1. Find which of ILE150, CYS117, PRO105 sits farthest along the positive direction of the dipole of segment 86-160, computed with +1 on the beta-carbon of Lys and Arg, -1 on that of Asp and Glu, about the Cα centre.
2. To the nearest 20 debye, what is the magnitude of the charge dipole of segment 1-115 about its Cα centre, counting +1 on the Cβ of each Lys and Arg and -1 on the Cβ of each Asp and Glu?
3. Taking 0.36 nm per intervening residue step and subtracting the Cα-Cα distance, what contour gain separates LEU56 from GLU73 on full extension?
4. Considering the alpha-carbon set of segment 74-162 alone, what are its Rg and its Dmax in angstrom?
5. Enter the accessible area per residue of segment 1-160 (Å², integer; probe 1.4 Å; all protein chains in place).
6. What is the distance in Å between the Cα centres of segment 28-56 and segment 1-25?
7. Scan around ILE78 for amide H atoms under 5 Å from its own, H built in the peptide plane at 1.01 Å from N, and keep only partners 5 or more places away or cross-chain.
8. Work out the length of the dipole vector of segment 48-150 about its Cα centre, built from +1 on the beta-carbon of each Lys and Arg and -1 on the beta-carbon of each Asp and Glu, and round it to the nearest 20 debye.
Amino acid sequence: MERVSKNNYYLDIAQTVSERSTCLRKRYGAIIVKNDNIVSTGYNGAPRGRKNCTDLGTCIRETLSIPRGERYELCRSIHAEANAIISASREQMLGATVYICCTSPADGSIIGGTNSCMMCKRMIINAGISKVIIRNTPTEYTEIDVSDWIENDDSLSGVFGY
């Protein structure tokens with residue numbers, strides 16, 4: 001029997017975390033890992049105490065047909081990466097890796113080819129996280145060196161994530 005790779009082990013956990021998401025469009029799970037220890041986890045959902053889209057049965061961005069990457073101020077959710085970051089100290093995040101998985105609310109299938117939005121990229125950079133690993137399939141993933149986000153500043157080009 002072959003052991004699962006370390007990256008896929010952590011991505012499996014991020015995928016499980018995504019199952020807690022309360023978003024009707026896409027479920028995201030994120031975990032921050034440093035020195036082979038899970039520092040924190042996060043999923044996308046409304047702030048504590050507020051009603052979630054799953055509770056309301058509607059998503060305003062979906063209702064208004066707002067494309068991905070636009071008008072996040074209308075969204076009720078805090079993104080998975082942001083929730084993981086606010087649950088950890090900066091010291092724990094310096095040099096860490098964040099693992100991210102996106103799944104479909106309809107059937108739980110993996111949605112590959114995703115990336116962090118511009119705001120989450122900024123938070124990841126400021127948190128001192130050094131690497132982002134995003135699941136594309138059950139065994140394939142994209143590995144991003146956060147220094148690339150610093151050098152190739154997409155906020156200057158109008159290219160948006162999520």
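The values are calculated or read from the model by the stated rules, or taken from the named source; none is laboratory data. What you see is a predicted model; the values in this text were computed from it and never measured. All Cβ positions, even for glycine, are placed from backbone atoms using ideal geometry, and neighbour counts span all protein chains on display. Remember, those area values only see protein heavy atoms, side chains included, never the ligands or the DNA or RNA. Shrake-Rupley method; radii C 1.70, N 1.55, O 1.52, S 1.80 Å.
1. Ranked along the dipole, the leading option is PRO105.
2. Details: 15 positive and 11 negative charges, 61 e Å.
Using only the charged Cβ atoms, the result is roughly 300 debye.
3. Numbers: separation 17, 0.36 × 17 = 6.12 nm, distance 1.77 nm.
Using 0.36 nm per residue and subtracting the Cα-Cα distance, I get 4.3 nm.
4. Values for segment 74-162 (Cα only, Rg and Dmax): 13.3, 37 Å.
5. Details: 8940 Å² over 160 residues.
Roughly 56 Å² per residue, with all protein chains present.
6. Each part reduced to its Cα centre gives a spacing of 13 Å.
7. Hits under the 5 Å cutoff: GLY45, ALA46.
8. 400 debye
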